[in-house]
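Visitor: One structure, pasted below without further comment.
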Amino acid sequence: MYLRRDRALTAVSIMLDVAFHAGRSGVVSGADIARRGDMLRRGIEPVLQGLSRAGLLASVRGPKGGYRLGRPPRTITLNEIVRTVTEDPDMPEEGVNLLRAKVLEPFWQQMDQEVSEKMASVTLEHLLQNAEEAGMQRPNRAPISFSI
């Protein structure tokens with residue numbers, strides 16, 4: 001799972017961007033996410049769709065549409081984000097490679113389990129706190145005021 005670091009890092013980056021700039025109340029556009037992350041919009045679209053299908057992001061349609069968190073950041077773990085975009089069905093093996101089957105795969109599964117457990121203990125809320133500790137300020141979202 002963690003081998004495809006580029007896709008996992010992209011997904012975590014997107015989720016952190018949405019949490020930082022929109023949270024659950026505001027929305028951010030895919031174009032803004034791509035621009036801030038120095039990514040191509042068409043390159044992140046499949047990741048955005050996967051995160052939306054999993055309920056981690058909520059997609060808002062329309063001219064002022066975009067994405068917002070599907071759940072509170074304290075309930076979204078990095079492990080859940082990464083697994084959403086990297087899990088593949090088991091690939092059929094061509095022939096039997098004993099070194100791979102008896103040495104590499106068990107080692108890889110152990111390492112994957114250790115990384116998975118660590119990622120399961122870190123939430124988007126933790127990353128938002130790290131951003132604040134690094135001196136970053138979240139955009140102000142003034143409440144909508146209606147007056148007649």
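The values are calculated or read from the model by the stated rules, or taken from the named source; none is laboratory data. Model, not experiment: these values are computed from the prediction. Quick reminder, even Gly has a Cβ in these numbers, built from the backbone with ideal geometry, and neighbours come from all protein chains shown. Side chains are part of the model used for accessible areas, which takes the heavy atoms of the whole protein and leaves out ligands, DNA and RNA. Shrake-Rupley method; radii C 1.70, N 1.55, O 1.52, S 1.80 Å.
Visitor: Can you work out which of the residues in the range 20-70 that are touching a residue at least 40 places away in the same chain (Cβ under 8 Å) and of a type in the set (Lys, Arg) is least open to solvent (accessible area, probe 1.4 Å)?
Guide: That would be ARG68.
Visitor: Let me ask something additional. Of everything in the range 1-16 that's touching a Phe, Trp or Tyr at 6+ places or on another chain (Cβ under 9 Å) and surrounded by 15 or more Cβ atoms within 10 Å (Cβ to Cβ), which residue is modelled with the lowest pLDDT?
Guide: ALA8
Visitor: So HIS126 fits all but one of (1) open to solvent by 90 Å² or more (accessible area, probe 1.4 Å); (2) at pLDDT 90 or above; what number is the exception?
Guide: Only one criterion in (1) open to solvent by 90 Å² or more (accessible area, probe 1.4 Å); (2) at pLDDT 90 or above is unmet by HIS126, namely (1).
Visitor: For the range 99-120, how many residues are polar (S, T, N, Q), surrounded by 13 or more Cβ atoms within 10 Å (Cβ to Cβ) and more than 16 Å from VAL82 (Cβ to Cβ)?
Guide: Here is the first cut: in the range 99-120, the residues polar (S, T, N, Q) are 109-110, 113, 116.
If we keep only those that are surrounded by 13 or more Cβ atoms within 10 Å (Cβ to Cβ) as well, we get 116.
Filter once more, so that each one left must be more than 16 Å from VAL82 (Cβ to Cβ): none.
Number satisfying all stated conditions: 0.
Visitor: Here's a follow-up. Check the range 87-94 and report whether any residue there is among the aliphatic types (A, V, I, L, M), at pLDDT 90 or above and at negative phi. Walk me through it before giving the result.
Guide: Let us first name the residues in the range 87-94 that are among the aliphatic types (A, V, I, L, M), namely 91.
Now drop any that are not at pLDDT 90 or above, which leaves none.
No, every residue in the range 87-94 fails to be among the aliphatic types (A, V, I, L, M), at pLDDT 90 or above and at negative phi.
Per-residue answers, yes or no, for (1) modelled with pLDDT of 85 or more; (2) of a type in the set (Ser, Thr, Tyr); (3) in contact with a Phe, Trp or Tyr (Cβ under 9 Å, 6 or more places away or on another chain); (4) over 21 Å from HIS126 (Cβ atoms):
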{"site": "LEU69", "(1), (2), (3), (4)": "yes, no, no, no"}
{"site": "THR77", "(1), (2), (3), (4)": "yes, yes, no, no"}
{"site": "VAL82", "(1), (2), (3), (4)": "yes, no, yes, no"}
{"site": "VAL85", "(1), (2), (3), (4)": "yes, no, no, no"}
{"site": "VAL96", "(1), (2), (3), (4)": "no, no, no, yes"}
{"site": "VAL103", "(1), (2), (3), (4)": "yes, no, no, yes"}
{"site": "PHE107", "(1), (2), (3), (4)": "yes, no, no, yes"}
